[in-house]
Amino acid sequence: MEARISIITLGTRDMERSISFYRDGLGWPTKYQPGDGIAFFQLSGTWLGIYPWDSLAKDALLPSCEIQFGGITLAHNVREKTEVDHVFQKAINAGATTLKEPEDAFWGGYSGYFSDPDGHPWEIAWNPDFPMD
């Protein structure tokens, strides 16, 4: 098996709200037409899918109950420390909820956490030891 993640799909309770958050708020390019039932956002090296919560759970044969923390966060790393605050604020302005304000991290970088409108946690991080190409 190749070491690759092709698509990360997030369940949503409100397709239009989530599409607006990622497309309009964060400015990510999308492949979506009303009525498609799923939206895809092209990222660098992978895709992000947005799909109705209950439908995603049903497709994976999982219960559709929500949990507070599912043991996973998504990360968006930036090239410069100052970009963390800019990207973080852009997400908040788009409707994200602050989980942890950006701050210097114990591992030598700078990061903060927000959750998207469906509660999925995202980290915005700058890591001087993890260069972005």
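Derivation of every value follows stated rules applied to the coordinates shown; laboratory data play no part. Predicted model only: the values in this text are computed from it and were never measured. Cβ: placed from backbone, ideal geometry, glycine included. Neighbour counts: every protein chain shown.
Return the single residue from 11, 108, 71 with maximal mean-square fluctuation; model: Gaussian network over the chain, springs between Cα atoms under 10 Å. Of 11, 108, 71, the most mobile in the Gaussian network model is 71.
Hey, fewest Cβ within 10 Å first, where do 7, 124 land in order?
On the way: 7 11, 124 24.
Neighbour counts put them in this order, fewest first: 7, 124.
Per-residue Cβ neighbour counts within 10 Å put 15, 132, 1 in the sequence 1, 132, 15, beginning with the fewest.
Under 19 Å Cα to Cα from residue 58, which aspartates and glutamates show up? Leave out anything in the same chain fewer than 8 places away. Leaving aside aspartates and glutamates fewer than 8 places away in the same chain, those within reach of residue 58 are 14, 36, 66, 118. The translational diffusion coefficient of region 7-59, from Stokes-Einstein at 4 °C and 1.567 mPa s with a Kirkwood hydrodynamic radius over alpha carbon pairs, comes to 117 µm²/s.
Where Rh denotes the Kirkwood radius from the mean inverse Cα pair distance, what is Rg over Rh for region 74-126?
On the way: Rg = 10.1 Å, Rh = 10.7 Å.
Result for region 74-126 is an Rg/Rh of 0.94.
Straight-line cross-link reach from residue 81 at under 24 Å between alpha-carbon atoms covers these lysines, not counting any fewer than eight positions away in the same chain: 90, 100.
When each of 28, 107 is scored by the number of other beta-carbon atoms lying within 10 Å, the sequence from fewest to most is 107, 28. Just so you know, the averaged projected area of the alpha carbon convex hull for the chain sits at 9.2 nm².
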